[in-house]
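Remarks on the structure that follows.
The values are calculated or read from the model by the stated rules, or taken from the named source; none is laboratory data. Remember, predicted model here, so these are calculated numbers, not experimental data. Note: ideal-geometry Cβ built from the backbone for every residue, glycine included; neighbour counts use all protein chains shown.
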Amino acid sequence: MKKNFVLALTYVFLMTPCLLKAQQPSQVQIPELIQLSGLVVSVDSLQGLPLVSIRIKNTNKGTFTDEGGFFSFVVKKTDTVVFSFIGYKTIEYAMPQNLRGIKYSIIQPMTEDTVFLNTAVIRSYPTPDEFDYYFVKATIPDAYYEASTRNLRKKTLENIAQSMSMDGVESQRYTAQQQAYRYYYNGQLPPNRIFDPFAWGQFFNAWKNGAYKKKD
């Protein structure tokens, strides 16, 4: 009987640290994630702003608003969200610390950023003859003339055109077309264009123009 009591007491002493350790909270706290959704609008018209850049401050994570100004992505409760759009003032939105739940919605208005330029006064010559006279007498450095000649070459203009990115209107149109294409074929497979004669015509025209030639 005494031996059993000693064994039971020893077992209790050995298990006590493990039980105490299990009851202590974890030292590593996982930040709580929030599904942040909302609408970005203009203060003046209250219309949704498309393609507004939304990112988490000091990171490369973020998203863009759709054509209606709507957005939705995941953030932490401790994050600061930055809204930026060309022609509008950049806004920083700090997530509230007392949030409950895993979803949060906001409506973020943006104010246009007014830019003041220096006054430029443009005066024309009184008569066309006077303009022709000063145009002929104008001295243009040879370096400027040679640079302008090189910049107007066909190959140079083609390279510049290919390297240019889409502007805001083109990006919005492309995004709207892609979304309309997905909505149109929602729930079904999109058509395979391998039997599309128009697609084959575009391919042959590009092939004749040398678009698929191997570049050295």
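Restricting attention to segment 157-188, and to residues there that are aliphatic (A, V, I, L, M) and either outside any loop (DSSP other than H, G, I, E, B) or surrounded by 10 or more Cβ atoms within 10 Å (Cβ to Cβ) (or both), which single residue is modelled with the lowest pLDDT? Top of the filtered list is Met166.
The set of residues in segment 86-106 being surrounded by 14 or more Cβ atoms within 10 Å (Cβ to Cβ) and out of contact with any strand residue (DSSP E or B) (no Cβ under 6 Å at 6 or more places or on another chain) consists of Met95 alone.
Listed here are the residues, each with its yes/no results for (1) out of contact with any strand residue (DSSP E or B) (no Cβ under 6 Å at 6 or more places or on another chain); (2) polar (S, T, N, Q).
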residue: Glu112; (1), (2): no, no
residue: Pro126; (1), (2): yes, no
residue: Tyr134; (1), (2): yes, no
residue: Ser148; (1), (2): yes, yes
residue: Lys155; (1), (2): yes, no
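Scan segment 71-86 and tell me whether some residue there is closer than 19 Å to Gln172 by Cα and in contact (Cβ under 8 Å) with a residue 60 or more places away in the chain. Within segment 71-86, one or more residues are closer than 19 Å to Gln172 by Cα and in contact (Cβ under 8 Å) with a residue 60 or more places away in the chain. Taking the condition hydroxyl-bearing (Ser, Thr, Tyr), closer than 29 Å to Phe64 by Cβ and in a helix (DSSP H, G or I), does Tyr145 pass? In short, no. Restricted to segment 47-79, and to residues there that are surrounded by 14 or more Cβ atoms within 10 Å (Cβ to Cβ) and hydroxyl-bearing (Ser, Thr, Tyr), the residue that is nearest to Gln97 (Cα to Cα) is Ser72. Could you please let me know if Ala176 is of a type outside the set (Ser, Thr, Tyr), out of contact with any Ser or Thr (no Cβ under 8 Å at 6 or more places or on another chain) and in contact (Cβ under 8 Å) with a residue 24 or more places away in the chain? Taking the combined requirement at face value, the residue satisfies it. For segment 36-85, the set of residues classified as within 11 Å of the chain's Cα centre (by Cα), part of a strand (DSSP E or B) and closer than 21 Å to Thr111 by Cβ consists of Ser53, Ile54, Arg55, Gly62, Phe64, Phe83, Ser84, listed by residue number.
Ser165 meets all of the listed conditions (1) more than 28 Å from Leu51 (Cα to Cα); (2) out of contact with any Ser or Thr (no Cβ under 8 Å at 6 or more places or on another chain) but one, namely (1). Restricting to segment 97-154, name every residue that is within 29 Å of the chain's Cα centre (by Cα) and hydrophobic (A, V, I, L, M, F, W, C). Passing the criteria: Leu99, Ile102, Ile106, Ile107, Met110, Val115, Phe116, Leu117.
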